[in-house]
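For reference, the structure discussed in these notes is given below.
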Amino acid sequence: MRALQATLIQRKREAPAGSYTKRLFDDPELLRNKLVEEAQELAEATEGDHVASEAADLLYFAMVRCVAAGVGIREVESHLDRRTFKLQRRPGNAKKDRIDAASAILKASADKKAPTPKRSSPTLSLIAPVALLYVATVLWTRFGR
């Protein structure tokens, strides 16, 4: 993740002509839509290699968002560390307004494209990748350094 972060910082400063990463930095709406799209695809993936591929895509777009906001992987790790040591937990329920907003983004994106197959529940589709990302990052933080 640190190597990806370094590459993204470099691309933000000076990207080669036609850089997709630069396009993402310059178009926050595109980046937001890609984050939602990749989270949806990760939630729908069922086979190991496909899950890994979609998780990689989501992590890439998440890191682009972080770098765009001036947030580094250390800040993300710090937040994860603080959550690990909390004694009192929130219930972890999905936030309805966020699910509705994500559904609207997906619908708008789908309206621009050819019809797509019916998707699973937006609640499950968005909670699963976030939970997976959280667990993977905690495990990586604890054991992968």
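Overview of results
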item	result
Enumeration of residues in the stretch 89-104 that are modelled with pLDDT of 75 or more, out of contact with any Pro (no Cβ under 7 Å at 6 or more places or on another chain) and surrounded by 13 or more Cβ atoms within 10 Å (Cβ to Cβ)	101
Hey, residue 122 modelled with pLDDT under 75 and in contact with a helix residue (DSSP H, G or I) (Cβ under 6 Å, 6 or more places away or on another chain) or not	yes
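The values are calculated or read from the model by the stated rules, or taken from the named source; none is laboratory data. Source: prediction; values computed, not measured. Neighbour counts run over all protein chains shown; Cβ positions are idealised from the backbone, glycine included.
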